[in-house]
Amino acid sequence: MAHQVLARKYRPQRFSDVIGQDHVTRTLLNALTQGRVAHGYIFSGHRGIGKTTIARILAMALNCQLTIGSVERPTPEPCGQCVNCKEISAASRSEVNIFEESHSFDVEEIDSATRRGIDDAKLLTSKIQARPTNKSKYKILILDEAHQITDAAWNALLKTLEEPPEWAVFMFATTQPEDIPQTVRSRCQHFSFHAVKLVDILGQLKHIAVKEGLDADEGALNLLAEAGDGSVRDALSIMDQAIASAPVEDGRPRLDAAQIRELMGTVPNAVFESIFEAVSANRSAEVMTLGNRLLDAGNSPAQLARQCVRYLRNAVIAKIAGVGIDGEGADGAAGELLQISADEQRRAGRTAALFSEEELTRFLQMMLRTFDELGYRQEQRFHFELGLLKLVHLRRLLPMEELLSQFPAGPSGRAPGDTGRSGGGGIAASRPAPAALPSRPAAPAPAPHAVSPATEAVSKPSFSPFERSNKRADEPRQEAAVQVAEPPAAPRPAPTPVEFKVQVMTPPRVDPPAFVPVAPVSSLSTAIAEPEVAEPVIPELVSPELVIPAEKVAEPTVADEPIAAAPLVEETPTPFAPAEPGESAAAYQRAAVEALQATPMQRTAAESIDDAEWTISGTELRVQMHVSKTMLPTVVNAAAEKIIREVLRAQGAGKLKLVLLPGSAATMAKDKKPRAAKSGSAEELAAKHPVVQEAQRLFGADIRSVIDLRDQD
């Protein structure tokens, strides 16, 4: 008999042999016991976890010729001895042609990846209408890879699924249940299969190793179980390959961890532990050396990045679950999350102890990004090395809380950005307090006066200037009476006190004592100088935005003689006016033309500036150009205008405002005058061009501006 792979040789034949799917097997056994068999089942989940296997076992149990509860069949498990059980079992264990559905006439297993069309669906519906043979109770259709069936085929099956014959049972096995139409899913019982746990796969591998007579150490079997990634079939396939490459000692194949790592192209996780120890110690050279050693050994950068991602994931879970450096705390929920061997759990705990949870999360995110980039990068080695180097750089980042705690505390005793929560406050408290600032001298105590509650509340110191501004904006304005009186030491009779009302805000203030106004507003000074005016009308003197601090108020003065109010004189800037406007404008024009002619690519601007009229009007230097408004920015560009301004500053006319005025159509027509072109210039070449000469002949055109676009040195 030809060799049979382990996945088929040790395929379960009873519900009790299936590992990791207790929630499915328990439900199906109860349904068989109670006679609650559905006409449609959907088995979905990861590859190689028993979907098709359970469908075949269920088909055997449904068509088993022995009655449940009998002496030969006390449980709902299939007997495995009757004709139907043997036919269905032979279809799953022997080499059957892929186009031959089954050895049993009443149980058909169909590969939906190759028979997925509407014609195949019509054939199935016609077959399902026929009654099963006398030896069977149900006619069963097992459709593997059911997500490959087309929409038209599903529509053809839909009516049969909705109203099936009493003997019909459909079983759909798929890895993508979302691709099955909702109308089909609603008519079937859906069982979602779980990935098989590491301990269950490890136990199955140990059982098979004993059956096959293998010498396999614990580390090798752990590697095989981890490589399965929740799939029993994957683990058995790798085990088959390992047995084929294993050395034979005393007639027994021997499996060790080093041989399996070499076979799978992986490296020991101890290397990644060393890498992260170097990252923790901020040793970039050691990290790059270890990475270079792995790459020089022939390992793929993508495979290394993938394995590093898995190692970091285990370290993150170990940190969250509280796994210690000796592996303590790895039982219970932590063991369920990690799904690795005891040695790897201790290694993950040691790596997790070196970093915080946030740092490990950033490391994992960085390596995931590196793994994604390696899929479409040319130089994979360089990108992998860059990803390792970034891990060291991430280690050097300073947390925001620690950075904020280094700033000195404000008046309220908290550091900037500290909201009083426990997170930032603890770090800030661990820093040494800044040195106390020297206290300001106390202001002289003002005269006693009544303070309103609103004013007293606002007068309290506030840390934030925005908070003080908001308080002022929210509080209502108040009317305050201010009295101004002459000093008692004046030789002539004191004038009648002037009372006026001023609309003010209520900032923190200290009411000053009575004072003599010095150089007040003209209306106020007139009222004080003439006693006969009793109550002059005073305009609003204080702007709502004007707030004068108390320390800025001048001390009261007592004068022997009244001080006459001095009129206020508004200063106006003196306009710049050169002694000889005409000569200066011409001098500025000559200097500008010379500067533009000496600059490459500015000769056209020099010619236009030379033809312009320069005049000085007040503080403006007007340059009347003979080009249109559209052409002005092109002829005198920003670079030319900058050169002209620099010339003006060099000539001592930096205060003049340069104004370039375009010429109007009337002015340009009036100022038309033929001008001799310079020999070899662009104007001379343009004047000799036949198209230009024809335009001059037909329309009386004149050449006013020529832009020279030739290369100019």
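Some points to look at:
- When segment 109-148 is filtered for residues that are in contact with a Leu (Cβ under 6 Å, 6 or more places away or on another chain), of a type in the set (Gly, Ala, Ser) and part of a loop (DSSP other than H, G, I, E, B), only Ser112 remains.
- Filtered residue count, segment 153-175, keeping only those that are surrounded by fewer than 21 Cβ atoms within 10 Å (Cβ to Cβ), of a type in the set (Phe, Trp, Tyr) and either assigned to a helix (DSSP H, G or I) or in contact (Cβ under 8 Å) with a residue 60 or more places away in the chain (or both): 1
- Among the numbered conditions (1) surrounded by fewer than 15 Cβ atoms within 10 Å (Cβ to Cβ); (2) part of a loop (DSSP other than H, G, I, E, B), the only one that Arg26 does not meet is (2).
- Segment 270-340 holds helices (runs of 4 or more DSSP H) entirely within its bounds, and those carrying 1 or more residues that are β-branched (Val, Ile, Thr) map to 284-296, 301-321.
- Annotation note: Cβ proximity below 7 Å between a residue of segment 693-704 that is in a helix (DSSP H, G or I) and a residue that is surrounded by 11 or more Cβ atoms within 10 Å (Cβ to Cβ) and among the small types (Gly, Ala, Ser) (sequence gap 6+ or interchain) occurs for Ala695/Ala701.
- Filter pass, Phe382 being crowded, with 17+ Cβ neighbours inside 10 Å and aromatic (Phe, Trp, Tyr): no
- Flag if Val71 is over 25 Å from Val5 (Cα atoms), touching a Phe, Trp or Tyr at 6+ places or on another chain (Cβ under 9 Å) and assigned by TED's automatic domain parsing to the domain that holds Ile128: no
- Tabulated pairs, segment 255-276, first more than 21 Å from Ala216 (Cβ to Cβ) and not assigned by TED's automatic domain parsing to the domain that holds Asp240, second of a type in the set (Lys, Arg) and not in a loop (DSSP other than H, G, I, E, B), C-beta under 7 angstrom, 6+ apart or interchain: Glu273/Arg347; Glu273/Arg350
- Condition check for Ala209: under 23 Å from Asp22 (Cα atoms) and either in the same structural domain as Ile149 (by TED's automatic domain parsing) or in a helix (DSSP H, G or I) (or both): no
- Selection count where residues are within 26 Å of Ser192 (Cβ to Cβ), out of contact with any Lys or Arg (no Cβ under 9 Å at 6 or more places or on another chain) and outside any helix (DSSP H, G or I), scope segment 51-89: 2
- Candidate set: segment 1-22, residues that are under 50 Å from the mean Cα position of the chain (by Cα) and small (Gly, Ala, Ser); chosen: the one farthest from Gln81 (Cα to Cα): Gly20
The values are calculated or read from the model by the stated rules, or taken from the named source; none is laboratory data. What you see is a predicted model, and the numbers here were worked out from it, not measured in a lab. Ideal geometry is used to build each Cβ from the backbone, glycine not excepted, and the neighbour counts take in all protein chains shown.
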